[in-house]
Every structure is written in structure tokens, then in C-alpha cells.
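Computed from the coordinates by the stated procedures, all read-outs in this text should not be read as laboratory data. The structure displayed is predicted, hence computed values, not measured ones. As a convention, Cβ positions derive from the backbone with ideal geometry for all residues, glycine included, and neighbour counts pool all protein chains shown.
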Amino acid sequence: MAPDEALRMAREQELDLVEIAPRALPPVCKIMDFGKYQYQQSRLDRANKSKQKKVDIKGIRIGFKTDEHDLEVKRAMAEKFLKKGQKVKIEIFLRGREKAHQDLARKNLENFIRTIAIPFKAEQEIKRYPSGWNVVIAPEI
């Protein structure tokens, strides 16, 4: 149909001529109330957004000199989070002169990760950040 004829038909019906598929040959247009269409699209977008699963990232922070018992407690917390299906961000935090021992801090973090009994996969590899090291792990599904 010719574009002027389609526009004339849309004006007669007091509706809008909306281009649906501009890349098609010939382009596809539809006669509709554009305001109503936009409203329905926003409602659909809002409904889809509310159905999305929000991913929580739980954080566990250990220190350079954290004691064995405290590490066990934090390991148990990490395992609990992984059982619930949540991602866990594990950080080793360095203060002051501890920053001079980056290699030991990374080894401490790797040892802590090895103690976790629940199967997991590394979402992010061990990365350096200004005040220590961190890694994000997720439960293996």
C-alpha cells in the first residue's frame, strides 16, 4: 500500500501509523493508538523486570592475620551462602605494612578457598585491588 494512502486511512480512524519493521522489504507499518501501545509496552517491561531473579553477592572479608578458628567460622558462612545458591565475594584485606606481603596474602586467600567443601566455580579469578585481593565464587549447578 502507498504511504499516503496508509496515512489517510490512519487519519480517518484517528489513529497513528506506526512503522513496525523498518528493515523489511517493503517496510511493515501498522495502524494503532501509539500512546496505548507505549503504555502496554511499559507495563510488559515492568512485569518482566519484577519476574527477574536478582542475584545477591554475599561478602566475606578475611584479614592477613585472621586466626584459624575465625577462618573456620567464615568458611562455614561461605558454605551456607553457596548452599543457598548465592554468589560469594571473598576478600583478603591488607592494612599498612601488610601490603608489602602481597604474595603471602594471595596464598592465604587460595588456602581459604581450598578449604571450602561445597563444589563451586570461580566466577571471577583472584584479582588484585588497592587494599588486597578478592575472588567471586558461585555454586556449581
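Within the stretch 58-91, name every residue whose backbone N is under 17 Å away from a label modeled 7 Å from Cα of residue 100 along the Cβ vector. Hits in the stretch 58-91 for residue 100 at 17 Å: 64-65.
In debye to the nearest 20, how big a dipole does the stretch 57-139 give about its Cα centre with +1 on each Lys and Arg Cβ and -1 on each Asp and Glu Cβ?
On the way: 19 positive and 11 negative charges, 55 e Å.
In debye, rounded to 20, the stretch 57-139 gives about 260.
Highest average first, the peptides 46-56, 95-105 ordered by how many other beta carbon atoms sit within 10 Å of their residues are 95-105, 46-56. Candidates 55, 35, 81 compared by Cα position along the dipole of the stretch 25-100: farthest toward the positive end lies 35, with charges placed on Cβ. Spin-label model, residue 44 to residue 126: label points 7 Å out along the Cα-to-beta-carbon direction sit 4.8 nm apart. Bridging of residue 84 to lysines at a Cα separation below 29 Å is possible for 49, 51, 53, 54, 58, 65, 74, 107, 121, 127, once same-chain residues fewer than 8 apart are set aside.
Sorting 117-130, 61-74 by average packing, meaning the other beta carbons within 10 Å per residue, from highest down gives 61-74, 117-130. Residues whose amide H comes within less than 5 Å of that of residue 33, counting only those at least five positions distant or on another chain, are 16 (H built at 1.01 Å from N in the peptide plane). Judged by the gyration tensor of its Cα atoms, with axes a ≥ b ≥ c, the stretch 57-139 is prolate; a/c meets the 1.5 cut and a/b is the larger of a/b and b/c.
In the chain, the calculated helix contribution to ellipticity at 222 nm averages -13500 deg cm²/dmol per residue, counting -39,500 (n - 2.57) for every DSSP H run with n ≥ 4. The loop-placed GluC sites (Glu not before Pro) in the stretch 1-37, going by DSSP, that have at most 12 neighbouring Cβ atoms within 10 Å of their Cβ come out as 14.
Counting alpha carbon pairs within less than 8 Å and at least 6 residues apart, what relative contact order, in whole percent, applies to the chain? Let's see the in-between values first.
Working: 171 pairs, mean separation 26.0, N = 141.
Dividing the mean separation by the residue count of the chain yields 18 percent.
Past the 28 angstrom mark, what percentage of all C-alpha to C-alpha distances in the chain do you count? Within the chain, distances greater than 28 Å cover 50 percent of Cα pairs.
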